[in-house]
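Peer 1: Here it is, the structure in full.
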Amino acid sequence: MDRHASGIERRRNVRVPLGGIDALVHIPGQVQPLAAKCTDLAVGGLTLVCRYVPREGEQFRVEVASPGGQRRFEPLNVRVSVKRCHPVEDGVYEMGVEIVEILT
């Protein structure tokens with residue numbers, strides 16, 4: 001599930017680096033959401049860094065906080081599907097997810 005190992009770039013849209021915006025990962029069946037960081041965002045997906053190891057194709061809800069500043073926006077609330085996941089440090093994983101639904 002690691003695009004880095006294959007050396008193939010499959011992104012169709014430009015990614016906007018976010019530098020680690022706070023996010024919450026809501027796993028079905030778990031009471032508390034998991035803290036995560038959203039490192040980039042595109043029209044069709046985003047990259048999350050989290051202590052959760054998903055399976056490929058797993059779907060869950062993600063809330064990405066507003067970047068802040070003078071103009072505040074509601075969090076981005078989406079249902080996503082996992083496309084890739086790989087470890088980045090001890091117990092922390094980077095996952096690429098596809099946005100399958102924008103929630104209100």
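Peer 1: Can you name the residue in the stretch 12-30 that is farther than 17 Å from residue 54 by Cα and loosely packed, with under 12 Cβ neighbours inside 10 Å and is also modelled with the lowest pLDDT among such residues?
Peer 2: Once the filter is applied, the top-ranked residue is 12.
Peer 1: Quick check, is residue 70 at pLDDT 95 or above, over 16 Å from residue 98 (Cβ atoms) and not hydrophobic (A, V, I, L, M, F, W, C)? Spell out the reasoning first.
Peer 2: Numbers: at pLDDT 95 or above: no; over 16 Å from residue 98 (Cβ atoms): yes; not hydrophobic (A, V, I, L, M, F, W, C): yes.
Criteria not met by residue 70.
Peer 1: Where in the stretch 36-95 are there strands (runs of 3 or more DSSP E), lying fully within it, with 3 or more residues that are more than 20 Å from residue 16 (Cβ to Cβ)?
Peer 2: Passing ranges, in order: 59-64, 76-89.
The values are calculated or read from the model by the stated rules, or taken from the named source; none is laboratory data. Just so we're clear, the structure is a prediction, and the values are computed from it rather than from any experiment. All Cβ positions, even for glycine, are placed from backbone atoms using ideal geometry, and neighbour counts span all protein chains on display.
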